[in-house]
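Chemist: Quick one: structure below, then a few questions.
FYI, it's all coordinate maths here, none of it is from the lab. This one's a predicted model, so the numbers in the text were calculated from it and none came from an experiment. Please note: Cβ atoms are built from the backbone with ideal geometry, for glycine as well, and neighbour counts cover all protein chains shown.
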Amino acid sequence: MASSKSENTTRSEKLDLRLTPEAKRALQSAAAASQRSVSEFVLESALQRAAETLPDRQRFGLSGDAWAAFQEALDAPARVKPGLAKLLSKKGPFDRASKK
């Protein structure tokens with residue numbers, strides 16, 4: 001795994017978790033197999049998973065043509081949707097009945 005900032009920074013935060021005995025044994029075995037402490041193994045694994053999970057939720061890339069089309073769609077006036085307007089004008093199942 002590539003070097004990360006956390007390796008060069010003092011670790012001052014703590015994270016506790018509860019797990020089953022089986023999960024703990026699995027983590028201990030995997031840590032031992034990779035010649036790491038359980039803490040190192042869990043931290044590296046969790047950070048790798050975070051790095052895989054977050055990019056598509058934080059930013060995305062588009063080609064020049066796709067960006068222009070995206071900008072055009074954002075700048076276009078809203079389309080009138082009569083069915084949506086009708087739906088939104090009705091009381092929903094969670095709306096409170098008005099007291100008169």
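Chemist: Kindly express, to the nearest 10 degrees and within the range 0 to 90, the angle between helix 38-53's C-alpha long axis and the longest C-alpha principal axis of the chain.
Modeler: 30
Chemist: Additional query: Which of 45, 37, 12 has the fewest other C-beta atoms within 10 Å, and how do the rest follow up to the most?
Modeler: 12, 37, 45
Chemist: Order of 72, 13 from fewest to most other C-beta atoms within 10 Å?
Modeler: So the ranking, lowest neighbour count to highest, is 13, 72.
Chemist: Still on this structure, I have one more. Note the full-extension length gain between residue 30 and residue 95 as 0.36 nm times their separation in residues minus their Cα-Cα distance, in nm to one decimal.
Modeler: Details: separation 65, 0.36 × 65 = 23.40 nm, distance 5.22 nm.
Between residue 30 and residue 95, full extension yields 18.2 nm more.
Chemist: With a cap of 13 neighbouring Cβ atoms within 10 Å, and only residues DSSP puts in a loop, list the chymotrypsin sites (Phe, Trp or Tyr not before Pro) found in the range 60-100.
Modeler: Answer in residue order: 60, 94.
Chemist: Sticking to Cα atoms, compute the Rg of the range 8-59 to one decimal and its Dmax as the biggest Cα-Cα distance, whole number, in Å.
Modeler: Cα only, the range 8-59: 13.2, 38 Å (Rg, Dmax).
Chemist: Taking only DSSP H segments of four or more residues, each worth -39500 (n - 2.57), what value at 222 nm results for the chain once the sum is divided by all its residues, to the nearest 500 deg cm²/dmol?
Modeler: It lands at -16500 deg cm²/dmol.
Chemist: Can you give the log10 of the normalised intensity I(q)/I(0) at q = 0.23 Å⁻¹, computed with Debye over equal Cα scatterers of the chain?
Modeler: Values, matching the q order: -1.33.
Chemist: Further question: Tell me, how many Å apart are the Cα centres for the range 55-97 and for the range 10-24?
Modeler: Measuring centre to centre over Cα atoms gives 41 Å.
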